[in-house]
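Everything below concerns the one structure shown next.
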């Protein structure tokens, strides 16, 4: 069993006081602390729990937990009032629980979870008011269920956020690698390049480089290299100061015949035709 579950298993919280209440304005006036953990479920109105270093806004249907001996102030609209269901309790599992809980109140709870919390709050009040030993034990179990439900939702959302952050990081990394590959090809297109030596220069695997480049561009790395070489070659041919064989070598082709075939396939006309400015190339 994971450490967190081990620490919480079999340890029911002890309820000191519980019930619906209209918040007294005295709690708004100054910072105070309680010798118990507090669970506050807002029924009507809006509450802002003011802590020394942050504020926690809590709206209708939301639940906030305040750790034991935590200095805080309860701010709310005096005219509108604030009705809450509040539980004061002690719990040996509290320190571990609050360390794992994270952000409060838990945002964007699913409707089914909100409904489940409302059912547990109702059962808590019913069982505790009944007053018997058995009912109070059941109320403690319901309180533990509510606490663990909140913890589960908090961890689930943080897991989702972490996954989203990892995906965003991966997207940025792939785009950065694609741009690095493009810049490398633009600087080294005249050299005899292989996928392996490009990948080695960029410190990634050849498979990963090929996969990322194709995924980010919808065309392959070597299709981009060919386009780059052909555009450079056409500009040199139009300049007219070099022959086809010399230009072929200057854009990375040792064999001028092969270069001519690639050029014709790319533009639809032979390299020598590129010297004529009247030609309007149609790329295939």
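The values are calculated or read from the model by the stated rules, or taken from the named source; none is laboratory data. It should be emphasised that the depicted structure is a prediction, and the values quoted were computed from it without experimental measurement. Glycine gets a Cβ as well: all are built from the backbone with ideal geometry, and neighbour counts include every protein chain shown.
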Original post:
Based on what the data block shows, is residue 231 exposed (fewer than 13 other Cβ atoms within 10 Å of the Cβ), more than 32 Å from the chain's Cα centre (by Cα) and farther than 22 Å from residue 171 by Cβ?
Top reply: no
**OP:** Give the residue that is modelled with the lowest pLDDT, with candidates limited to residues of region 260-275 that are in a helix (DSSP H, G or I) and within 18 Å of residue 239 (Cα to Cα).
**Re:** 275
Original post:
Is there any pair linking a residue in region 80-98 that is in the same structural domain as residue 155 (by TED's automatic domain parsing) and closer than 12 Å to residue 12 by Cα to one that is at pLDDT below 90 and in a helix (DSSP H, G or I), with Cβ under 7 Å and at least six apart or on different chains, and which?
Top reply: 93/7; 93/8
**OP:** Pull up region 11-29, narrow it to residues that are modelled with pLDDT of 85 or more and part of a loop (DSSP other than H, G, I, E, B), then point me to the one that is farthest from residue 91 (Cα to Cα).
**Re:** 12
Original post:
Does residue 118 satisfy the condition of being assigned to a helix (DSSP H, G or I), surrounded by 13 or more Cβ atoms within 10 Å (Cβ to Cβ), touching a strand residue (DSSP E or B) at 6+ places or on another chain (Cβ under 9 Å) and without any contact (Cβ under 8 Å) to a residue 60 or more places away in the chain?
Top reply: yes
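To keep it simple, each residue is scored yes or no on (1) under 28 Å from residue 158 (Cβ atoms); (2) part of a loop (DSSP other than H, G, I, E, B).
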residue: 75; (1), (2): yes, no
residue: 106; (1), (2): yes, yes
residue: 114; (1), (2): yes, no
residue: 127; (1), (2): no, no
**OP:** Kindly indicate the residue of region 89-115 that is touching a helix residue (DSSP H, G or I) at 6+ places or on another chain (Cβ under 8 Å) and modelled with pLDDT of 85 or more and also surrounded by the fewest Cβ atoms within 10 Å (Cβ to Cβ) among those meeting that condition.
**Re:** 100
Original post:
Any residue in region 39-54 that is in contact (Cβ under 8 Å) with a residue 60 or more places away in the chain, touching a strand residue (DSSP E or B) at 6+ places or on another chain (Cβ under 8 Å), closer than 26 Å to residue 158 by Cβ and buried (at least 17 other Cβ atoms within 10 Å of the Cβ)?
Top reply: yes
Subject >> The listed residue being assigned to a helix (DSSP H, G or I), at pLDDT 90 or above and surrounded by 11 or more Cβ atoms within 10 Å (Cβ to Cβ), out of 135, 196, 216, 153 >> reply: 196
